[in-house]
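Peer 1: Below is the structure I would like to discuss, written out as structure tokens.
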Amino acid sequence: MPDNPPQMSSPGVQQPTRRNFSVAAIYGIWAAMLAALGLPGAAYLLIPSRIRRKNDWVEAGDITQLVPKVPLEVAFRRNRVDGWRVVSEKSTAWLVRLSSNDVVAYSPQCTHLGCAYHWDQRRTEFICPCHNSVFSIDGSVLEGPAPRPLDRFQTKVEGNKLMLGPIQTSSSRTV
Amino acid sequence: MRKFLGEFNDWVDHRTGLPTALRTFLYEDIPASSGWHQVFGSVAIFLFLVQTFTGALLAFNYAPTPGDAYNSLRYILTEVTAGRLMRGLHHWGASMMIVVVALHMVQVFLYGAYKKPREATWMVGVVLFLLTLAYGLTGYLLPWDNRAYWGTVVTTRIAAQAPFLGAYLTRLLGGDEAIGVVTFARFFGLHVLLLPPATALLIAIHVYLVRKHGVAPVPGDESLPSKKFYPQQVLKDTIAIFVAFSVLFLMAVMVRVPLEQLADPTDINYIPRPEWYFLFLFQALKFFKGPLEVIGSTVLPGLAVLLLILVPFIDRSAMIKVTRRTFAAAAVVLAMVGWGGLTMAAVITTPKEEAQLAIDYSEPTDWMQLSPEELAGAGYFRAENCASCHPLTGGAGVGPDLTRTATHRTAAWMIQHFKSPAGVRPGSSMPPIQLSDSQLNTLAAFLLKLSPENATALISSPDFELQGAIVYQAQGCGDCHKVNRAGQDVGPSLNGLAKRRTRSWVQEHFADPPKLSPGSIMPPYKFPPRDMDNLLAYLFTLPE
């Protein structure tokens, strides 16, 4: 906003101190109001919803069927909280028995840009068709632009059944 | 730095002319009489901007279809950060805008500022006022709760009564057969796609006309030196805006905007009421019976609008001092008395008891899924003041956190503990609970349902629900009826009762079941009035 009136000598103009006070008050009040609207607005858009609803554990299969060192892609239905809805959707995971008592489940998306990768039985590696990221059977990055190892589902074993929880990225997992 | 800013300013001015335009705008000459009475227009523009801002934010989390609108609004209210604040600002902002626009019109009317050459400014202003009302009308439907649905049913039926145009208006609003997806899409489209740009354009024309003719002077101004708009008048406008904004913000934070149950076209117990600023029309309609109804619903309001638009052509006298405009003042007083009287009459004749027993769906309503036994337990939990030592909403209490006990205690253990706390847990300072065995049973049933995630939602039910569930449980209604999958199948399930029966029917049925349901083996019941009210309120809010 312009600071100087065009004609300082015109009779409608008050003393400088009163004028300065008015200008400061205008700026101050508008700044306060913009903050009172803008900050909650930013919080509304940027601070994630309080999560009251949790995603349930889902059954992914029988771990006795897993051959050590041979990844198996399994499909299952899970309920996902999507905004104000809970959607039941088909989902997949790659199950791998790394050792006799260590079964892991990878999220089916490449950690680079989210393409679906596949298992190459001949090379015994996971290969992403989009930008040629290559992962080893334990999920670590061997080649390509993938920034981190394959993401894993939280898992727990009930009897012979493998239960899957939320997906954890390797950055939130203790490495 | 100052030098740099000056150069930058010059550079921009040279390319766009905006700084000069702004300067011309701010240093406009205004009459010596200008002052506090002229702040309302600025406040109205500010409120329009607040509505635009909060409306856009709400739209980011809102799905405009009858299937999703209600749930997405509930999501905004119960889960999204600051969602309740945004909805509060938008809701109260709408009401405030009506008030401020009306005040603006009253001021212009009283001062006679619509007179030559400002007729067009006034007429554009009247259209802006109508647009403001149109926002209220179309926005009313968008929460898609019972209030919204039934209010809109009435609105579209009124539009249908308009002479000649009725059928076309109804079709335009998509209300040909019933209020559904088409009506919803039209109302939403009007509210967010058509009305805002139309308003912005008309505001621009309105402000342009104000500037073109200058702020209206009063007799005597010509002998006094004129003032500049900036900064003194801008400060007055700013202070007025600040006062309005503060009131709006406080209302948004402190006055809860309720959300009623999901729109239910089969609800026979609902009493529709329009928003407060349309209540006078609603009431006026009651004076016109039968074939005359169309006069009250469309002819009179239409004539009133026409009269308002034609004001500058009806009163063409010369400008005189506001204090001598007795006729204008009388017209304003008359309009206020008429409006106020009709509104009061409408408020007074609205049945009250329904409103007090309404559930606020802008809160989590997980408690609605509880069985009567569990809900009655929640009632004892509240009546015995258990939360004073065992807060369920987080925070430390004297006693242990009960949201985590369900996993390692049984009902039998709890009941023993309720009767003799220190006997079961040596050293416990909890007093024994003075309730009967069956009451302790229900309390244990409730506690077993608690978990850290659902505790807040489960104890938030209104008192009448808890009291109603206690009556239900005490009378053993569950021995014959089912509610939320708990109880026996001898009598009909009571879920969704509100869909099938009226309150008075159920009340009569209690007194003499076979009279209303021939062949019924239900014994007659006689309750104290309070118990009856609570039980009915409980039964009529059972989910389907």
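Peer 1: In percent, how large is the relative contact order of chain B, given Cα pairs closer than 8 Å and 6 or more residues apart? Before the final figure, lay out each step's value.
Peer 2: Details: 629 pairs, mean separation 84.5, N = 544.
This gives 16 percent for chain B.
Peer 1: Also, I was wondering about something else. Just need the Rg to Rh number for the protein assembly as shown, please, alpha carbons only, Kirkwood Rh. Mind dumping the intermediate values first?
Peer 2: Working: Rg = 33.5 Å, Rh = 31.7 Å.
A ratio of 1.05.
Peer 1: Any idea which of B:GLY83, B:ALA120, B:ALA167 is furthest toward the positive side of the dipole for segment B:83-219, if Lys and Arg beta-carbons carry +1 and Asp and Glu beta-carbons -1?
Peer 2: The Cα lying farthest towards the positive end belongs to B:ALA120.
Peer 1: Right, next: Skipping prolines and chain starts, which residues have an amide H placed within reach, meaning under 5 Å, of the one on B:SER362, given they are 5 or more residues away or on another chain?
Peer 2: Long-range HN contacts for B:SER362: B:LEU259.
Peer 1: Determine the share of segment B:290-399's accessible area contributed by carbon and sulfur atoms, expressed in whole percent, with a 1.4 angstrom probe. Numbers along the way, then the final one.
Peer 2: Numbers: 4450 of 6400 Å².
After summing per-atom areas, the C and S share lands at 70 percent.
Peer 1: In µm²/s, what is D for segment B:426-511 at 20 °C and 1.002 mPa s, where D = kT/(6 pi eta Rh) by Stokes-Einstein and Rh is the Kirkwood radius from Cα pairs?
Peer 2: Values: Rh = 15.6 Å.
Using the Kirkwood radius from Cα pairs, D works out to 138 µm²/s.
Peer 1: Something else now. Can you give me the convex hull volume of the Cα atoms of chain B, divided per residue and expressed in Å³? Don't skip to the answer; put the middle values down first.
Peer 2: On the way: hull volume 125.0 nm³, N = 544.
Per residue, the Cα convex hull of chain B comes to 230 Å³.
Peer 1: I'd like the orientation of helix B:300-314 relative to chain B: the angle between its Cα long axis and the longest Cα principal axis, in ° from 0 to 90, rounded to 10.
Peer 2: 20
Peer 1: Round to a whole number: what % of the accessible area of segment B:26-133 belongs to carbon and sulfur, probe 1.4 Å?
Peer 2: Details: 2600 of 3570 Å².
Ligands and nucleic acids excluded, carbon and sulfur reach 73 percent.
Peer 1: Only residues of segment B:247-277 count here: report those whose backbone N is under 12 Å from the spot 7 Å along Cα→Cβ of B:LEU103, or say none.
Peer 2: B:247-248
Peer 1: Testing the spin-label approximation: label points 7 Å from Cα along Cα→Cβ at B:HIS408 and B:ALA358. State their distance in nm.
Peer 2: For the pair B:HIS408/B:ALA358, the computed spacing is 4.6 nm.
Peer 1: With a 1.4 Å probe and all protein chains left in place, how much accessible area per residue does the protein assembly as shown have, in Å²?
Peer 2: Numbers: 38100 Å² over 719 residues.
Averaged over the residues of the protein assembly as shown, the accessible area is 53 Å².
Peer 1: For B:SER504, B:SER223, give the ranking by accessible area with the largest first, probe 1.4 Å.
Peer 2: B:SER223, B:SER504
Peer 1: Could I ask something else about it? Ignoring ligands, DNA and RNA, what percent of the accessible area of segment A:43-126 is carbon or sulfur (1.4 Å)?
Peer 2: Values: 2550 of 5050 Å².
Looking at segment A:43-126 in its full context, I get 50 percent from C and S.
Peer 1: Any idea of B:ARG409's accessible area? Nearest 10 Å², probe 1.4 Å.
Peer 2: Here the accessible area works out near 70 Å².
Peer 1: Could you run the Karplus curve 6.51 cos²θ - 1.76 cosθ + 1.60 with θ = phi - 60° over segment A:125-134 and give me ³J(HN,Hα) per residue in whole Hz, x for Gly and Pro?
Peer 2: Taking θ as phi minus 60°, the curve returns 9, 8, 10, 9, x, 7, 10, 6, 6, 10 Hz for segment A:125-134.
Peer 1: Also, I was wondering about something else. I'd like the mean, over residues of B:505-517, of how many other protein chain beta carbons sit within 10 Å of each residue's own Cβ. Please report the intermediate quantities before stating the final value.
Peer 2: Working: counts 0, 0, 0, 0, 0, 0, 0, 0, 0, 0, 0, 0, 0.
What the average comes to for B:505-517 is 0.
Peer 1: Pairs of lysine in chain A with Cα under 20 Å and at least 8 positions apart or on different chains: total? Don't jump to the answer; show the numbers that get you there.
Peer 2: Values: A:LYS54/A:LYS90; A:LYS54/A:LYS156; A:LYS69/A:LYS156; A:LYS69/A:LYS161; A:LYS90/A:LYS161.
Total qualifying Lys-Lys pairs in chain A comes to 5.
Peer 1: Here are some pairs, B:LYS115/B:LYS212; B:LYS286/B:LYS499; B:LYS449/B:LYS526; B:LYS449/B:LYS499; B:LYS3/B:LYS228; B:LYS449/B:LYS482; which of them have Cα atoms lying more than 21 Å apart in this structure? Walk me through the numbers before you get to the answer.
Peer 2: On the way: B:LYS115/B:LYS212 14 Å; B:LYS286/B:LYS499 28 Å; B:LYS449/B:LYS526 32 Å; B:LYS449/B:LYS499 28 Å; B:LYS3/B:LYS228 27 Å; B:LYS449/B:LYS482 19 Å.
Over 21 Å apart, Cα to Cα: B:LYS286/B:LYS499; B:LYS449/B:LYS526; B:LYS449/B:LYS499; B:LYS3/B:LYS228.
Peer 1: Still on this structure, I have one more. So which residues of segment B:17-57 lose at least 30 Å² of accessible area, probe 1.4 Å, when you go from the chain by itself to every protein chain present?
Peer 2: SASA drop of 30 Å² or more in segment B:17-57: B:ARG23, B:TYR27, B:PHE46, B:PHE53, B:LEU57.
Peer 1: OK, next. Taking only Cα atoms, what is the 0 to 90° angle, nearest 10, from helix B:146-160's long axis to the longest principal axis of chain B?
Peer 2: 50
Peer 1: To continue, here is another question. Helix B:372-383 versus the longest principal axis of chain B: what angle, 0 to 90°, nearest 10, using Cα atoms?
Peer 2: 70
Peer 1: Right, another one. How large is the Kirkwood hydrodynamic radius of segment B:157-210, in angstrom, based on all distinct alpha carbon pairs?
Peer 2: Working: mean 1/r = 0.0786 Å⁻¹.
Taking every pair of different Cα atoms in segment B:157-210, averaging 1/r and inverting gives 12.7 Å.
Peer 1: Here is a follow-up. Between chains A and B, what is the buried accessible area summed over both chains (1.4 Å probe, protein heavy atoms, nearest 100 Å²)?
Peer 2: Details: alone 12210 and 29580 Å², together 38100 Å².
Chain pair A/B: roughly 3700 Å² of buried accessible area.
Peer 1: May I pose another question? Ordering B:PHE184, B:PHE8, B:PHE48 by accessible area with a probe of 1.4 Å, largest first, what comes out? Display every interim value, and only then the final one.
Peer 2: Values: B:PHE184 0, B:PHE8 115, B:PHE48 25 Å².
So the residues, ranked largest to smallest area, are B:PHE8, B:PHE48, B:PHE184.
Peer 1: For chain A, state what percent of all Cα-Cα pairs lands in each successive 10 Å bin, counting from 0 Å until the bin that includes the largest distance.
Peer 2: The percentages, shortest bin first, are 8, 25, 22, 11, 7, 8, 9, 7, 3, 0.
The values are calculated or read from the model by the stated rules, or taken from the named source; none is laboratory data. From a predicted model like this one, the values you see are computed outputs, not experimental measurements. Note that we place each Cβ from the backbone using ideal geometry, even for glycine, and neighbour counts take in every protein chain shown. Just so you know, the surface numbers come from the protein's heavy atoms only, side chains and all, with ligands and any DNA or RNA stripped out. Shrake-Rupley method; radii C 1.70, N 1.55, O 1.52, S 1.80 Å.
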